[in-house]
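Structure first, commentary second.
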Amino acid sequence: MNGMDLGQWLRLVDVIIEVVDARLPATGRGVEVRHLLARSRRGHLLVLNKADLAEPEKTRAWMEHWRAGGLLSASASAVRGEGIRNCRRLVMEAAASRPKKWQRAPRAMVVGLPNVGKSSLLNRLIGRSVVRVGRRPGITRGVQWVRIAPGLELLDTPGLLGAGGVDGERRLRLSAVGILPQNEADSWETARWLLSLLPGERVDVYGAEMASPLATPEDRLAALARKRGFLGPGGIPDTSRAARLLVEDFSRGRLGPLTLELPGDGRGEAEDRERV
Ligand SMILES: Nc1nc2c(ncn2[C@@H]2O[C@H](COP(=O)(O)OP(=O)(O)O)[C@@H](O)[C@H]2O)c(=O)[nH]1
Ligand SMILES: [Mg+2]
């Protein structure tokens, strides 16, 4: 981010809007952000974005879980423009706890892992009609602030967080929602894992053979490859390519909504509790 590290940017704001993928609310949180938040003592709003790709009752369960832990959260769909006004309202609420000595309008910034919808949400929060506040070279060299509500300003650049340790099932989850970029080995493992989770009817868009839960994952991916004409030398079905397609389609929501973790389901929550 323009040569400044995230910690320096966070010092400029009163509220941190942490964006997570609603399908992966625990594993999909940035590791650094926990430490940064603890140290920075900033207001904090957790936004479950891509709520259109998650199961609504599970999204509610996560919000309830966090509310019980004293954490402010909201759900949103940046592509659909849903939940945006509520996010603005909650940012104001989070900002209200800052020291009264501050005279200027409260300021916020958006942070999160890759591909969770930070830029999309930022654009929605900014909207078209809001005022660009402009650069303030004196105080915050080169920083661009945008007024997103009366008395509330937003840094116009989102902060990118790292995914932290990525092994085992954690890697599969992050790869399934597109937080980790696909590579050959991961696509294959991730596709197998998704096939074990997705109800058969979700993948019948690829044909009946693909949807059969009795077939092995290899056979199902081979059926998908044949159906799409993904054939290698000698007409052998290219199952790697089929795996990549399946993961990409899931990640973009083409196989329907699916929340990959729930509060209380084990690993994700243990990490989450540690982080809150
Ligand atoms: N279905 C869905 N897709 C979204 C949503 N928000 C962002 N996306 C898509 O997710 C991808 C990554 O979004 P982007 O804003 O670039 O994420 P960033 O990397 O965190 O800035 C893009 O293809 C967006 O269209 C959402 O709420 N729902
Ligand atoms: Mg972005």
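The values are calculated or read from the model by the stated rules, or taken from the named source; none is laboratory data. Every value quoted in this text rests on a predicted model; they were computed, and no experiment measured them. Neighbour counts run over all protein chains shown; Cβ positions are idealised from the backbone, glycine included. These accessible areas exclude ligands, DNA and RNA; they are computed on the full protein's heavy atoms, side chains included. Shrake-Rupley method; radii C 1.70, N 1.55, O 1.52, S 1.80 Å.
Report, by residue number, each residue of the range 57-70 that is surrounded by 15 or more Cβ atoms within 10 Å (Cβ to Cβ) and closer than 21 Å to Ile16 by Cβ. Those that are surrounded by 15 or more Cβ atoms within 10 Å (Cβ to Cβ) and closer than 21 Å to Ile16 by Cβ: Thr59, Trp62, Met63, His65, Trp66. Among the residues of the range 44-56, are any over 15 Å from Leu113 (Cβ atoms), in a helix (DSSP H, G or I) and open to solvent by less than 10 Å² (accessible area, probe 1.4 Å)? Within the range 44-56, not a single residue is over 15 Å from Leu113 (Cβ atoms), in a helix (DSSP H, G or I) and open to solvent by less than 10 Å² (accessible area, probe 1.4 Å).
So that you can scan it fast, the table gives a plain yes or no per residue for (1) of a type in the set (Gly, Ala, Ser); (2) part of a strand (DSSP E or B); (3) surrounded by fewer than 19 Cβ atoms within 10 Å (Cβ to Cβ):
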site: Ala222; (1), (2), (3): yes, no, no
site: Ala225; (1), (2), (3): yes, no, no
site: Gly234; (1), (2), (3): yes, no, yes
site: Gly253; (1), (2), (3): yes, no, yes
site: Leu258; (1), (2), (3): no, no, no
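Residues to consider are Ala22, Ala78, Ala96; find the one that is more than 16 Å from ligand 2 (Cβ to nearest atom), hydrophobic (A, V, I, L, M, F, W, C) and open to solvent by less than 40 Å² (accessible area, probe 1.4 Å). Answer to the selection: Ala22. Being at pLDDT 90 or above, touching an Asp or Glu at 6+ places or on another chain (Cβ under 9 Å), open to solvent by 80 Å² or more (accessible area, probe 1.4 Å) and assigned by TED's automatic domain parsing to the domain that holds Arg29 is the requirement here; does Arg192 meet it? Criteria not met by Arg192.
Quickly run through the range 73-101 and pick out the residues that are modelled with pLDDT under 95 and either touching a His at 6+ places or on another chain (Cβ under 8 Å) or not in a helix (DSSP H, G or I) (or both). Within the range 73-101, Ala94, Ala96, Ser97, Arg98, Pro99, Lys100, Lys101 qualify.
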